[in-house]
1. Let a ≥ b ≥ c be the square roots of the eigenvalues of the Cα gyration tensor of the chain; is it rounded (a/c under 1.5), or, if not, prolate (a/b larger than b/c) or oblate?
2. Would you work out if the stretch 49-160 is rounded, prolate or oblate? Take a ≥ b ≥ c from the square roots of the eigenvalues of the alpha-carbon gyration tensor; rounded if a/c is under 1.5, else prolate when a/b is larger than b/c, oblate otherwise.
3. What does the charge dipole of the stretch 155-264 about its Cα centre add up to, to the nearest 20 debye, if the Cβ of each Lys and Arg holds +1 and the Cβ of each Asp and Glu holds -1?
4. Going down the table (Lys62/Lys211; Lys317/Lys365; Lys113/Lys279; Lys59/Lys136), which pairs top 29 Å between alpha carbons?
5. Evaluate the relative contact order of the chain (contact order divided by residue number), counting alpha-carbon pairs under 8 angstrom at least 6 apart; express in whole percent.
6. For Ile76, Ile340, which order do you get if you count the other beta carbons within 10 Å of each Cβ and list the fewest first?
7. If we count other beta carbons within 10 Å of each Cβ, what is the order of Tyr233, Tyr346, fewest first?
8. Rank these for me by crowding, Cys187, Cys276, going from fewest to most other beta carbons within 10 Å.
Amino acid sequence: MRSKNFSRRNFIQKGTLATIAATTLSGSSFGQSSDIKELNTNKKTRFHYPSKAAKKLTKLLKIEFPIIQAPTAGVISSSFTAAVSNNGGLGALPLSWSEPDFAIKQIEAVKGKTKNSYFANFVLNFEPKAFDNAIKYGVPIIQFSWGMPTKEMVAKMKVAKVVLGIQVTSEASAKAALDLGADYLVCQGTEAGGHVHASRPLAEALERVLKVAGDIPVVASGGIATGHKMREYMQMGAAGVVMGSRFVATVESQGHEVYKKSLVSAKAEDTVFTTCMDKGFGNTTHRILRNSTFEMWESAGCPAIGNRPGEKDIIVKVGEDYEVERYSINSPGKQYAGDIKAMANYAGKSVSDIHDIPTVAELIKRIWSEFNQQ
């Protein structure tokens, strides 16, 4: 059947997007960006690991390394999640679009493959239907993005002793999360791939959030794919980092091989911050690789929904029963057949630092080795 149509708001004006996109950091291979260099010149003490913040985070999340897998829905499986957790990081289990019964199967599958810590993520632009089951079936950590959980949801988590993480982008959102009782914060910058609700480059956002976070650990997210970049943000005060695109380009990832290879061959300048691919998550900003769908839309003047070229085109299928239209939010999973590059190939600015497709174990070992290089 044809993919589901969703209600959508009008497209954000092109000028506004251009202003936001202009604030992003330039991707650099292993070197510090000018923003980070400027901030680090004022450091009077040399960074030593583990910092107080990193110690608190790893203890809180029960992980060996302060490395968190981004909840890249559509390309994550229980085996992928478990691989990250089994190798010392924090694996992600996206449950935003999961029905309650299916969520139970997903949770049990992860628990059957790892005894280590992992987290479930909920995008709060959508009803968190699986939230109660996440608590009931023993998810140890729940993280939220694109909104704040209700006080009732937080109360349920506190009773069950579930760790609460909230993604933030500013002082105001950080304060709101802290007022709700967040145990840790994820600070997102506009360098991130996938759906991005940040409005500032990570270095600037992180500096602002750290000022109000106090002793609550803050994790840096956006454009990070190496231990060298990880160290830069932790030297600023981050307790750890989130990596998305870097984990997607691994053997265990359920991303399509065409997608993985595109991440390897791309540079930061090949990504675009846009609202183009919004069928299913209306008018939300996201970072993807430039492709035929984006070029078609941009060449037509970025028209509003209903007037976009090729809107009803079927670009990929799963067998004969499921079809995906152009501009849909679907990630390029391995199950799809068709024009994979025309889909939303989500990618952060970190692609400049992605050069291969290792196993998760190889990747984490490499990241940690890079991090420890002085």
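Any read-out appearing in this document is the output of simple, stated calculations on the displayed coordinates, not a laboratory observation. Here the structure is a predicted model, which means the values were calculated and not measured. Every residue, glycine among them, receives a Cβ derived from its backbone with ideal geometry; neighbour counts consider all protein chains shown.
1. Because its axes are fairly even, with a/c under 1.5, the chain counts as rounded.
2. Oblate, since a/c reaches 1.5 and b/c is not below a/b.
3. Roughly 160 debye for the stretch 155-264.
4. Correct reply: Lys317/Lys365; Lys113/Lys279.
5. In percent, rounded to a whole number, it is 21.
6. Final ranking by Cβ density, sparse to dense: Ile340, Ile76.
7. Tyr233, Tyr346
8. Least crowded to most crowded, the residues run Cys276, Cys187.
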